1. Among DSSP beta bridges lying fully in the chain, give the percent that are antiparallel, nearest 5.
2. Given the C-alpha centroids of segment 702-743 and segment 173-197, what is the distance between them in whole angstrom?
3. What is the gain in length, in nm to one decimal, between GLU757 and GLU3 on full extension, counting 0.36 nm per residue of separation less the C-alpha to C-alpha distance?
4. Where the centre of each part is set by its Cα atoms, how far does segment 564-629 sit from segment 653-677, in angstrom?
5. Considering only C-alpha atoms, what is the centroid distance from segment 455-531 to segment 59-134, in Å?
6. How much length would be gained if the chain were fully extended between ARG204 and ASP799, taking 0.36 nm per residue of separation minus their Cα-Cα distance, in nm to one decimal?
7. Mind putting a number on the dipole of the chain about its Cα centre? Charges go on the C-beta only, +1 for Lys and Arg and -1 for Asp and Glu, and I need it in Debye to the nearest 20.
8. Apply the Karplus parameterisation 6.51 cos²θ - 1.76 cosθ + 1.60, with θ equal to phi minus 60°, to every residue of segment 155-166 and state each ³J(HN,Hα) to the nearest whole Hz, in sequence, with x for glycine and proline.
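Bear in mind that the values in this text are calculations on the coordinates, not laboratory data. All figures in this text were calculated on a predicted structure; none of them were measured in a lab. Cβ placement follows ideal geometry from the backbone for every residue including glycine, while neighbour counts extend to all protein chains displayed.
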Amino acid sequence: MNEHKKIHLKDYRPFEFIVDHVDLVFDIRDDHTRVTSKLKMKKDPARANETTPLVLNKGTFDIISVVAGDMVLLPGEYKSDDEIFSLVATPDIFELEITNILKPDENTALEGLYRSGSILCTQCEAQGFRNITPYPDRPDVMAPFSCTIVADKTRYPVLLSNGNLVKSGDLDNNRHFAVWEDPFKKPCYLFALVAGDLDVLEDRFTTASGRDVALKIYSEKENIDRCSHAMTSLKQAMAWDEKRFGREYDLDLYQIVAINDFNAGAMENKGLNIFNAKYVLADPQTATDDDFMGIQGVIAHEYFHNWTGNRITLKNWFQLSLKEGLTVFRDQEFSSDMNSRPVQRISDVKKLMAAQFPEDSGPMVHPVRPDAYIKMDNFYTMTVYEKGAEVIRMIYQLLGQALFRTGMDLYFEKFDGMAVTLEDFVGVMAKVSGRNLDQFFRWYTQSGTPAVSMTRQYDENTKSMSLTFTQATSPDRNQSEKKPFHIPVRIALINRAGETVKQDALYELTQETDTFKFENVPADIYPSVFREFTAPVRLTTDFSDQDLAFLMARDTDPFNQWHAAQTLFVNEIKNLVTAIQAGNPMAVSAGLVNAFSLALEENQKDRAFLSRALALPQETEIKDHFEIIDVEAIHQARTFLKQTLAQKLTSEFKTVYELCRSANSDDISGGAMADRSLKNLCLSYLGSLANNDVQDIVQKQFEHAGNMTDEFAAFKILSHMNADVRDKACPAFYDKWQARTLVIDKWFSVQAQSSLEDTLDQVKKLTTHKDFTMANPNKVRALIFAFAMNNPMHFHRVDGQGYEFTAERILMLDKINPQTAARLCSCFNLWKRYDENRQAMMKKQLETMAEQKELSRNLYEIVSRALE
Ligand code: ARG
Ligand code: ZN
């Protein structure tokens, strides 16, 4: 394994030059693209008359000419290799023209300029622009860009880049051109180009100040009638950002392009977002309700980046959370305002707990602002995004809505057009509130999830209740000792009747132990703490299961009701796991069945909420509550709990299932979605019984569903029932949907996640299916990621074959797409948390990977951290 260099925050130095203008020409030919870049540059005035070498980042392409001023440079007069282009010295002001040849058809890494089907497109964040042309590929170098695209008119009728179209026309030989100019200075990671035979959906938006903006969503012709939900979402996002943050759009044109081959979810390139088709295309027949919500959220996220990311960008990549944490916070708030706030909060926190908490307990643990990286793409993490959003949310809590808005206004005013840091952001928040946020800033620099415990003490004499909070964060590779965090806690007091005795207020933990005393309260009172999940901590309390059942039913904060229910489930599963490990018989406590049944009776109230509150945590979430993860026992315990509930409450589940069936099949209103989610939750419980009676119900829904939500829910249940049932359902689903690649992704992922005995064999067989390819990230995620990340029973097979299969695929993928290979490899990250046999087998796979001579930098970083 080759060693690769780490980049450290402490080594940051500003660039020695200023780029005044970038002029790009892309001459697209059948087997190559010729790129000419004209840079107008000058030395940083502070360095005038000094001899300063010019060092540009560069990918692995061939340079065919270099012109400096009006001098043609010979290869000996500049230096160029696979990483760098450099000149020993330059005048103070100069122009540099470099021409090079790209082979987008051979670019399977999907960074820089690449082909997706018949479309040519780009992905430059984080450091993909260097694969297009030599350039100072860093976010603090901002410049105005113009871009000329020349291509065949038949193959590429649509030619797009950032900003405004200023000129276009025909050329000889059936070729044509377009010239785009982006008036806003931007870092090169926001550059984009698209060329292809695309259809467009057009709309308009008038901004608050009366400016008319043309909105265009592009897709392959056969999908253009699936773009209207994305368009609606875009207009909602534009209106919301004006209302909530006073931010208007700044160009006359906003474009979105849907692409089938894409490493991430989407990309906020200035005026030309490029999206994974999964986050654009939807209709009720082919997309689930979750897909609809996902599209609304991601469309908004990329739109919000126009201010938080593009107008104000990053000084260096270590500050990534400055744009991502803040923009996730903004998209979460948007989705809360558009839909149900409590349900949104529950799903955001669930995601954090399921994926970010484990990240904190493994080899990828890093502060929200990392100190070092080998490959930046590995740090587009749950910590930077989701925990980063929680940190912003804590500032929002500490300041309150009004002051937070004042702070945001000042942030936009002060830093517009600049590349800044997290200190700059927190600085304006401190300034407008007059608060000292120095201790708070540890959330950015200190890694790990704080464990907070709460205990109650009641004093009969003074009739006072004290709540004592202690916090502790485990040492890790980033800090051997952790200092206390500044943690906001929202607390209310509730009595036995479920009435609020003391309104909710914000308290702040700043020490290892903090105590708050509430005077003059009765003894039988319940504190409701961390309401709405005021901080990203692991909370333990002295609540008994009876207390939790009460809070599940009566807490006045729906988030806390959900949290109480989840804690009850986890406690029950822990007891079952203990019983299994001791060889004792399993039994579910009557109290839990009772609490569950009472909750199910409330089904007329908020069905979306109820469907979340009554859903058992996934095996992948449950494992986080164990030091040593017993894969089989967790699976057995959860299955037993689910089946016991289904058995004891069969008729209740059936009743609610029927009650929720009225929703119109193509209605995507909140109410209809809520009905479907509760209905399908009931079906999933019933389905766990796998008897003929329920099989019939599931089968009926599968065959007659009027939308993908219902069809997919039934399909998933059938995929676990038994091999015969699955073997009928799979071809039926495939035959119906084979023309829809996004639906076929669902088909792959359901099979990869099946609990049936022969799942690994099925997955192996599916890798040779004609619709499967390692070159398409969505397909790899649907089959290989789904197996390795979401099917613990089979990935962790005791014979090690799940590991072996996955490791082989990772190495295969590393040759094609290193970014995605590195992501996939994180399925081995928690290897130290399993039994000795599994530890040894997982370690062996990591070592085998480490022994490869030509590991990508991406995969090298993940593997070497895991083995460190
Ligand atoms: N900035 C994009 C977003 O809005 C994601 C870019 C992902 N890039 C990467 N190298 N993983 O979230
Ligand atoms: Zn983002």
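1. Details: 101 of 124 bridges.
Roughly 80 percent of the DSSP beta bridges within the chain come out antiparallel.
2. The two parts, judged by their Cα centres, are 42 Å apart.
3. Details: separation 754, 0.36 × 754 = 271.44 nm, distance 4.08 nm.
Full-extension gain reported as 267.4 nm.
4. About 24 Å separates the Cα centre of segment 564-629 from the one of segment 653-677.
5. 58 Å
6. Numbers: separation 595, 0.36 × 595 = 214.20 nm, distance 5.83 nm.
Difference between extended and current length: 208.4 nm.
7. On the way: 99 positive and 123 negative charges, 142 e Å.
Charge dipole, the chain, about its Cα centre: 680 debye, nearest 20.
8. 6, 10, x, 9, 10, 10, 8, 6, x, 10, 7, 9
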